[in-house]
1. Evaluate the relative contact order of the chain (contact order divided by residue number), counting alpha-carbon pairs under 8 angstrom at least 6 apart; express in whole percent.
2. Glu262 to Asn225: FRET efficiency via 1/(1 + (r/R0)^6), r the Cβ-Cβ distance, R0 35 Å, to the nearest 0.05?
3. What dipole magnitude, in Debye to the nearest 20, does segment 137-220 give about its Cα centre under +1 on Lys/Arg Cβ and -1 on Asp/Glu Cβ?
4. Return the whole-Å distance between the Cα centroid of segment 172-192 and the Cα centroid of segment 132-148.
5. Taking only protein heavy atoms and a 1.4 Å probe, what accessible area per residue, in Å², does the chain have with all protein chains in place?
6. What's the whole-number percent of alpha carbon pairs in segment 92-205 lying beyond 25 angstrom?
7. Please list, in chain and number order, the residues 5+ apart from Thr68 or on another chain whose amide H is under 5 Å from its amide H, with Hs placed from the backbone.
8. Which FRET efficiency value, to the nearest 0.05, is calculated for Phe286 and Asn334 with the Förster distance at 35 angstrom and r the Cβ-Cβ distance?
Amino acid sequence: MVFRVLIDQIVICIQKLLLIMENRVIFHIDFDYFYAQCEEIRNPELKTKPVAVCIFSDRGDDSGAIATANYKAREYEVKSGIPIKFAKSRLKDRQDAIFLPADFDYYSQISSNAMDIIKSFADVFEYVGRDEAFLDVTLKTKNDFQNAGHIAQQLKNEIRQKLKMTCSIGVSPNKLLSKIASDYEKPDGLTIVKPEYTVNFLSKLEIRSIPGIGKKTELILGEMNCKKIEDLLNLDFFEITNKFGRKTGTYIYNAARGIDLEPVKEKQPSIQFSKIITLKKNSKNFEFLRENLLKLCKQVHDISVNKHQMFRSVGIQFVNEDLTMKTKSKMLKNPTVNLEELEKTTEQLLLDALDEQELLIRRLGVRISDLSDMEGQSSITSYF
Ligand code: DGT
Ligand code: CA
Ligand code: CA
């Protein structure tokens, strides 16, 4: 017991030391209600109305799910992931409610314009998703949080001027804290967490504010008398790692203290090709899914051939009957445009995924990425 306490103290000392050594300035930027805001800027009349962006499935009627909703619609509990039918019934008293089909090409175009602006503010730029990025701005801010505040405000202003959009930015010494901070004052937020205010900032937040902590972990931590992040500080390192394993346990232990040493890694938006379909019926039968998978492979393969792109990463995607999503992917040894290799790889991914699948599958998708130009290959035809 004494030994454990001693180790615990040593771990804390090392981590405090690392925290002192850590003097970076990191931004996390995330656009507010992104798809719905994109719709508002091409039709400003939408701004005063509840707006929901829908992914209609090809089963007809109102079958499908909400991708996102503006804040007026969120007042009626209309949010990402719920069935369109629920959303319509929740907004039944709002004659002015608008339901629009998702227009991904348009959102990608806005995203690309947004990322061009964001990139110009960064020393190191890490693309996370269509509406989200991390920036290391340590050099640009001369490691000063007052400068950082001004620069973050300039970035928000430029986005407002050029795109007519709002976003939320978190500023702190690391990625974890900045991500929590960008979510703190949404929409149109700017939250700055100076290193000395880390513990203060985190203490009263719900445990769920820590990225990656879901319902299940929250429930277990609740049973351990932890509701707020400050409650986690009462658990020693071994209590947490015994419960959650070394990797997750260490993550939770550090997150509660605002410790995160992950560097911002230069990453540009990756181009990928994908196809997704709604199945004729919900299923987890391998043969039925395989038939659909092969059709999807052919379609995705056709795109890669038409665009003269080889792929190296192959993935499959499920949307389950409860609308949760699941993906599995594999990196191939070499870039290819071989249809058979695509089919074999996705079949294996399907088998692996079904192994642990409990829910029936509603939608099935195939994705290829890590693309490279076919031009320059000595014998293009040898890949077919
Ligand atoms: P926010 O950041 O809370 O103001 O709202 P959003 O809508 O920007 O949410 P975020 O950042 O989690 O997601 C960015 C976009 O990704 C969002 O506009 C639509 C899409 N998205 C988010 N969640 C889902 C989902 O569950 N299903 C689908 N199909 N799309 C989603
Ligand atoms: Ca967002
Ligand atoms: Ca986001």
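The values are calculated or read from the model by the stated rules, or taken from the named source; none is laboratory data. Since the model is a prediction, treat every value here as computed from it, not as a measurement. Heads up, the Cβs are rebuilt from the backbone with ideal geometry, glycines too, and the neighbour counts pull from every protein chain shown. Just the protein is used for accessible areas: all its heavy atoms, side chains included, with ligands, DNA and RNA removed. Shrake-Rupley method; radii C 1.70, N 1.55, O 1.52, S 1.80 Å.
1. About 14 percent, as a whole number.
2. It comes to 0.75.
3. Around 260 debye, computed over segment 137-220.
4. For segment 172-192 versus segment 132-148, the Cα centre distance is 13 Å.
5. 53 Å²
6. 29 percent
7. For Thr68, the qualifying residues are Val53.
8. It comes to 0.80.
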